[in-house]
Structure formats: C-alpha cells, structure tokens
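Engineer: Have a look at the structure that comes next, please.
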Amino acid sequence: MNPTSEELLAQERELQFTRFGNDVAIELGLHLLAAAKEQGLPIAISVQRNGHRLFHVALPGTAPDNDRWLERKARVVDLFGHSSFYVGTTFREKGSTFETESGLDTALYAAHGGVFPVILRGTGPVGTVGVSGLPQAQDHAFVVTELESFLNGREA
C-alpha cells in the first residue's frame, strides 16, 4: 500500500541534513550505490545540489530512459520543494492526476516516486537525491530507507 501525503511529509520533516556540500553529496551517492549493488538493483542514481549534478551512476540493467526519468522527477522536486512521490500522491488523493492538472509539460516533469528533496535543516530544500529503475513506490522506498540509514550513520 502506498503512503499517504501526510506520511510522505513526515518523511521530509525527519530526513534532513545539517550540512550538504559536494563531499556529503558524494558520500550519499556512494552509500546509495553500495546498497543498490548489495541488493542487485537495476537503478540509476543521482544527487544534485541547486541544479548541479554532484553524483550520478547507472547500474547494469538501466537505460538512458532512466536518466530522463531522474531529470523529470528532479524538476518536480525543484519546483514544488517536496518529493516527487508526494507531489503525485497529492493529485491522486484529490481524485486527479499530476499530468492532467499541473499544466506542466510531461516531457519535462514527472510526479512519480523516486526523487526526494535534500533538505537542509533551518534552510529548506537545497537539492535532490533520487533513483530510477524500479516501480515508483519501490524507487521512493529505497531512497527513504537509504537516506535514513545514511543520516543515522552520520550522527553516530
């Protein structure tokens, strides 16, 4: 069962950084890469800060289309300041769809799960972290699980 918009917002309130520079972005990307390889997932991974791609990798089983999905989902996060899954979920909860109601070009924007905002505590969204290659709920769950693991590991 997919999470509700309230559950998705709670994830955003919890999963926040105290600092986020190039070094942290690369560490995060490597953390996601290790987890994806361990699980044998065919995903592309991207970490960006203010539109600057700081980490990107495409594992076996991916295609150039996964990179396009990452870009489209990241644009949604950059525009709305929330996870791509949250944005799509809010439209579905209203009985509509992002594609029909947003007025945005769906060749450029996709409100499908898999890209999460990089939120700097006390500042707000400063970037994105995301994956593409699995069904949207699984893309989102992987990012959230690994973000939680990464952030908890940094505080230890």
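The values are calculated or read from the model by the stated rules, or taken from the named source; none is laboratory data. Predicted model only: the values in this text are computed from it and were never measured. So basically every Cβ, Gly included, is an ideal-geometry build from the backbone, and we count neighbours across all protein chains shown.
Engineer: Determine which member of the set Arg75, Arg53, Arg19, Arg13 is surrounded by 14 or more Cβ atoms within 10 Å (Cβ to Cβ), charged (D, E, K, R) and outside any strand (DSSP E or B).
Structural biologist: Of the residues listed, the single one that is surrounded by 14 or more Cβ atoms within 10 Å (Cβ to Cβ), charged (D, E, K, R) and outside any strand (DSSP E or B) is Arg75.
Engineer: Is there a residue being more than 10 Å from the chain's Cα centre (by Cα) and among the aromatic types (Phe, Trp, Tyr) anywhere in segment 114-129?
Structural biologist: Checked against the condition, which is being more than 10 Å from the chain's Cα centre (by Cα) and among the aromatic types (Phe, Trp, Tyr), segment 114-129 yields no hits at all.
Engineer: Turning to a different aspect of this structure: Looking at segment 36-50, which of its residues are surrounded by fewer than 18 Cβ atoms within 10 Å (Cβ to Cβ), of a type outside the set (S, T, N, Q) and under 21 Å from Trp69 (Cα atoms)?
Structural biologist: Lys37, Gly40, Pro42
Engineer: Being in contact with a Ser or Thr (Cβ under 9 Å, 6 or more places away or on another chain) and farther than 15 Å from Val129 by Cα is the filter; apply it to segment 56-72 and report the residue that is surrounded by the fewest Cβ atoms within 10 Å (Cβ to Cβ).
Structural biologist: Looking at residues that are in contact with a Ser or Thr (Cβ under 9 Å, 6 or more places away or on another chain) and farther than 15 Å from Val129 by Cα, I get Asp65.
Engineer: Additional query: Of the residues Ala137, Ala141, which is part of a helix (DSSP H, G or I), among the aliphatic types (A, V, I, L, M) and either touching a residue at least 60 places away in the same chain (Cβ under 8 Å) or touching a strand residue (DSSP E or B) at 6+ places or on another chain (Cβ under 9 Å) (or both)?
Structural biologist: Of the residues listed, the single one that is part of a helix (DSSP H, G or I), among the aliphatic types (A, V, I, L, M) and either touching a residue at least 60 places away in the same chain (Cβ under 8 Å) or touching a strand residue (DSSP E or B) at 6+ places or on another chain (Cβ under 9 Å) (or both) is Ala137.
Engineer: I would also like to ask the following. When residues of segment 98-134 are filtered for being surrounded by 18 or more Cβ atoms within 10 Å (Cβ to Cβ), of a type in the set (Gly, Ala, Ser) and not in a loop (DSSP other than H, G, I, E, B), how many remain?
Structural biologist: Matching residues across segment 98-134 total 3.
Engineer: Just one of Val24, Val47 is closer than 20 Å to Ser149 by Cβ, at pLDDT 95 or above and assigned to a strand (DSSP E or B); which is it?
Structural biologist: Sole residue among the options that is closer than 20 Å to Ser149 by Cβ, at pLDDT 95 or above and assigned to a strand (DSSP E or B): Val47.
Engineer: Still on this structure, I have one more. Please work out if Lys94 is modelled with pLDDT of 95 or more, out of contact with any Pro (no Cβ under 7 Å at 6 or more places or on another chain) and under 16 Å from Ala137 (Cβ atoms).
Structural biologist: Considered against the rule, which asks whether it is modelled with pLDDT of 95 or more, out of contact with any Pro (no Cβ under 7 Å at 6 or more places or on another chain) and under 16 Å from Ala137 (Cβ atoms), Lys94 comes out as no.
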